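> Got a structure for you, written out below as structure tokens; questions coming shortly.
The values are calculated or read from the model by the stated rules, or taken from the named source; none is laboratory data. The structure displayed is predicted, hence computed values, not measured ones. Backbone-built Cβ (ideal geometry, glycine too); neighbour counts: all protein chains shown. Accessible surface areas use protein heavy atoms only, side chains included; no ligands, DNA or RNA. Shrake-Rupley method; radii C 1.70, N 1.55, O 1.52, S 1.80 Å.
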Amino acid sequence: MLNIGSIKNNFFKAAFLAVVYVLPYPGLMPGHHLYPVKQLFDQAYAYFAFGSFARHKYELALADKKLVEMKVLFEYRQYLLALTALDQSNNHFQKAVDFVVAAQVQGKNIQTKMANLQAAAVKHQEVLESVMGQTPADFWWQPEKDEPRQLAIHQGLQKAISIRQFK
Amino acid sequence: MMKVIIFVWSLLLVIFSYGFVEHSFPLPTPDFLFQLIHTHRGLTTLIYIILVFGLFGIYFYLLRRAKQKRITVRQTWSFVILVSLVLFFSWPAFSHDIFNYMATAKVTFFYQENPYLVMPMEFTGEPMLAFMHAANKFALYGPAWILLTAIPHFLGWGNLILTVFTFKLLILGFYLALCWLIWKMSHRDHYALIFFAFNPLVLIETLVSAHNDVVMMFLVLLAFWLAERRQRFWGWIVWLASVGIKFATIALLPLIIFLRRFKRQKWFVWSAVAMLLVFLAAPLREEIYSWYWIWVVSFVALIPQKRFFRWLAWAFSFSLLLRYTPFLYWRNYGGLTPMVKALTTFVPPTLMLIFFGWQKIRPWHHA
């Protein structure tokens with residue numbers, strides 16, 4: 001069996017971890033009448049997740065969930081909702097990174113957290129790239145009672161990928 | 001004379017307990033003890049059984065003296081204090097739970113993380129990981145317990161050995177407080193006090209292994225005591241704190257709601273029954289642990305005139321202490337250990353039930 005400790009190159013280590021990194025089931029999706037309750041619960045849970053490690057885990061779990069949510073929404077061509085989910089995923093991922101950095105400042109050993117974060121980043125990029133291959137670069141969104149506006153889908157996806165390409 | 005016997009027997013248990021110090025723990029074990037515990041396992045098991053029998057001998061002797069009213073208040077309390085002081089210095093030999101308490105406290109108060117979301121093993125390089133047995137578990141106990149552990153955690157000043165004893169001191173404090181409460185609630189009955197305080201299972205699981213069950217039981221009895229004095233509000237708060245230690249006393253909620261509908265003794269009987277049911281349901285979650293029996297013994301101590309409960313408490317106290325013997329002998333949890341553990345747990349109480357059943361049908365038999 002391959003031992004992760006024996007892989008010296010960081011890129012290959014992250015790639016190996018990405019294979020074993022499993023994204024979660026997204027649960028309730030936007031449009032479901034209980035979705036606002038779930039969002040409220042997720043927000044309230046942040047107060048329970050005190051401590052840099054706990055908060056990092058919480059933020060990363062939400063980043064994962066929102067990413068899967070985004071993928072499903074893109075598959076159903078719910079572009080506006082998908083981009084909102086993508087924004088939320090980006091935000092949570094960024095915070096997950098921030099809390100690992102905070103943990104390091106507090107003197108905690110972040111080696112395993114970083115390895116996990118890198119694995120998540122590689123997995124996220126894999127999903128984002130696959131979505132990019134299945135979606136138009138731009139989309140004109142026509143709300144019922146408003147002016148149409150352009151949704152820069154690929155630009156949004158590209159930005160998400162670059163957020164996950166951290167050092 | 002009795003003081004000398006209690007002192008010597010407790011001291012033997014203290015010495016024996018140091019043979020079980022984990023080899024990865026920074027506390028050297030005397031070589032002869034290490035050899036005894038790890039090489040002569042048959043002898044170790046035999047010594048353990050002799051120590052348990054000795055504790056039961058002291059227990060029944062003191063109970064007999066109390067029943068005959070041949071023991072004074074001063075003597076009773078001096079025996080309790082003596083056994084507490086000696087066993088305080090024992091090593092938590094038969095359980096690693098104290099290290100889980102310490103680790104959870106460290107996760108909370110040193111690393112300032114939520115112990116319900118972060119496991120001790122997530123702290124790479126943490127020295128406690130070398131000898132912890134449940135580093136891969138989130139906090140198992142209630143928030144009230146975690147808050148309480150701040151005291152021994154900070155008093156330990158980051159020193160592992162000192163922290164073990166500050167945790168033991170906390171447990172010792174609650175043990176004495178529970179003894180005092182049982183004594184008060186039993187209208188200063190020596191028999192009730194000895195029934196609880198000298199029960200060998202209570203001694204080993206509380207003063208040696210430092211389990212926190214006495215904290216939960218002290219709070220639940222204090223809740224009843226407060227409610228009895230018409231301080232219902234504080235009674236509820238203290239009961240909630242008790243649930244916040246280890247959750248098991250949630251089973252007493254219906255009895256607490258309908259407290260006034262019960263006569264005092266009936267309330268204790270039904271509380272003992274409720275805790276017995278929670279105890280028997282333990283395998284649904286994990287397995288029956290011997291220290292859970294403290295939940296029942298604490299109530300039975302208040303109804304010692306109920307012969308059935310009294311004998312049941314003794315039978316289980318004896319059988320649950322024997323649960324350690326297959327592990328002491330084989331040193332693993334597989335193989336024959338689970339079967340022998342189940343047999344040692346249930347055979348003595350079953351024999352006791354048969355004996356009681358036989359006594360019940362005997363009048364009919366003679367008629």
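> How much of the accessible area of region B:255-349, in percent, comes from carbon and sulfur atoms when a 1.4 Å probe is used?
70
> Per residue, how much accessible area does the protein assembly as shown show when a 1.4 Å probe rolls over the protein heavy atoms, in square angstrom?
49
> Follow-up question, since we're still on this one. Does anything in region B:121-151 have its amide N under 12 Å from the 7 Å Cα→Cβ label point of B:Ile250, and if so which residues?
Residues passing the 12 Å test: B:142-143.
> Considering every pair of different Cα atoms, what Kirkwood radius, in Å, is found for chain B?
Here the Kirkwood hydrodynamic radius works out to 21.5 Å.
> Shielding of B:124-133 by partners, i.e. mean partner chain Cβ atoms within 10 Å per residue?
Per residue, the number of nearby Cβ atoms from other chains is 1 on average.
> Restricting to Cα pairs below 8 Å that are 6+ residues apart, what does the relative contact order work out to for chain B? Please round to a whole percent.
Relative contact order, chain B: 16 percent.
> Taking the Cβ of B:Trp293 as the centre, find all other residues whose Cβ is under 12 Å away and add up their charges (Lys, Arg: +1; Asp, Glu: -1).
Cβ neighbours under 12 Å give a net charge of -1.
> If you only keep lysine pairs separated by 8 or more in sequence, or across chains, how many in chain B come under 23 Å at the Cα atoms?
21
> Within 10 Å of each Cβ in peptide B:114-122, how many partner chain Cβ atoms are there on average? Round it to a whole number, please.
The shielding value for this peptide is 5.
> To continue, here is another question. Could you give the nm distance between label points at B:Lys184 and A:Glu126, where each point is 7 Å from its Cα heading toward the beta carbon?
Simple spin-label model gives 6.3 nm for this pair.
> Which translational diffusion coefficient, to the nearest whole µm²/s, is obtained for the protein assembly as shown from the Stokes-Einstein equation, given a Kirkwood hydrodynamic radius over C-alpha pairs, 25 °C and 0.890 mPa s?
91
> Could you please report the charge total around A:Ile161, scoring K, R as +1 and D, E as -1 over all other residues with beta-carbon less than 13 angstrom from its beta-carbon?
+1
> Can you tell me the order of B:125-133, B:257-265, B:58-66, B:91-99 when each peptide is scored by its average per-residue count of other Cβ atoms within 10 angstrom, highest first?
The peptides rank, most packed first, as B:91-99, B:58-66, B:125-133, B:257-265.
> Please find, in a Gaussian network model of chain B (springs between Cα atoms separated by less than 10 Å), the residue of B:Trp157, B:Trp311, B:Trp180 whose mean-square fluctuation is greatest.
Residue with maximal mean-square fluctuation among B:Trp157, B:Trp311, B:Trp180: B:Trp157.
> Continuing with the same structure: In the neighborhood of A:Gly133, defined by Cβ-to-Cβ distances under 13 Å, what is the net charge if each Lys or Arg adds +1 and each Asp or Glu adds -1?
Surrounding charge for A:Gly133 is -2.
> In whole Hz, with x marking every Gly and Pro, tabulate ³J(HN,Hα) for region B:3-19 from phi via Karplus 6.51 cos²θ - 1.76 cosθ + 1.60, θ = phi - 60°.
Karplus values, whole Hz, x for Gly and Pro: 4, 5, 4, 4, 4, 5, 5, 5, 5, 4, 5, 4, 4, 4, 4, 6, x.
> Okay, moving on. What is the packing order of peptides B:8-16, B:114-122, taking the mean over residues of other C-beta atoms within 10 Å and listing the highest first?
B:114-122, B:8-16
> Quick one: Karplus J couplings for region B:120-137, per residue in order, coefficients 6.51, -1.76, 1.60, θ = phi - 60°, nearest Hz, x for Gly and Pro?
Result, ordered by residue: x, 5, 6, 9, 4, x, 5, x, 5, 5, 5, 10, 6, 10, 9, 5, 9, 10 Hz.
> At a probe of 1.4 Å, how much accessible area disappears from chains B and A on forming the pair, both sides counted, to the nearest 100 Å²?
1000
> To continue, here is another question. Defining a contact as two alpha carbons under 8 Å apart and six or more residues distant in sequence, what relative contact order in percent does region B:170-286 show?
19
> Comparing B:Phe34, B:Phe355, B:Phe327, which has the greatest mean-square fluctuation in the GNM of chain B with Cα pairs linked when under 10 Å apart?
Of the options given, B:Phe355 has the highest mean-square fluctuation.
> Given the rule -39500 (n - 2.57) for each run of at least 4 DSSP H residues, summed and divided by the residues of chain A, what is its mean residue ellipticity at 222 nm, to the nearest 500 deg cm²/dmol?
Rounded to the nearest 500, the figure is -23000 deg cm²/dmol.
> Here's something else I'd like to know. Would you be so kind as to identify which of B:Phe224, B:Leu312, B:Ala281 lies farthest towards the positive end of the dipole of region B:198-334, taking Lys and Arg as +1 and Asp and Glu as -1 on Cβ and the Cα centre as origin?
B:Phe224
> How many Lys pairs in region A:34-164 lie less than 21 angstrom apart by Cα atoms, where the lysines are 8 or more positions apart or on different chains?
Counting lysine pairs in region A:34-164 gives 28.
> Follow-up. What size of dipole, in debye to the nearest 20, comes out for the protein assembly as shown about its Cα centre when the only charges are +1 on Lys and Arg C-beta atoms and -1 on Asp and Glu C-beta atoms?
Here the size comes out at about 2680 debye.
> Using a 10 Å cut-off on Cβ to Cβ distances, tally the other chain neighbours for every residue of A:100-109 and report the average as a whole number.
2
> Oh, and also: Given only helices, namely DSSP H runs of n ≥ 4 each adding -39500 (n - 2.57), what is the per-residue ellipticity at 222 nm of chain B, to the nearest 500 deg cm²/dmol?
Rounded to the nearest 500, the figure is -21500 deg cm²/dmol.
> Using a/c under 1.5 as the rounded threshold, could you call region B:184-229 rounded, prolate or oblate? The axes a ≥ b ≥ c are square roots of the C-alpha gyration tensor eigenvalues, and prolate needs a/b larger than b/c, oblate otherwise.
In terms of gyration-tensor shape, oblate.
> I've got another one for you. Evaluate the relative contact order of region B:1-160 (contact order divided by residue number), counting alpha-carbon pairs under 8 angstrom at least 6 apart; express in whole percent.
26
> HN-Hα J couplings of region B:182-195 from phi, Karplus 6.51/-1.76/1.60, θ = phi - 60°, integer Hz, Gly and Pro as x?
Listing the rounded values in order: 5, 5, 5, 6, 8, 6, 6, 8, 4, 4, 4, 4, 5, 3 Hz.
> Take each of the peptides A:97-109, B:285-297, average the number of other beta-carbon atoms within 10 Å over its residues, and list them starting from the highest.
B:285-297, A:97-109
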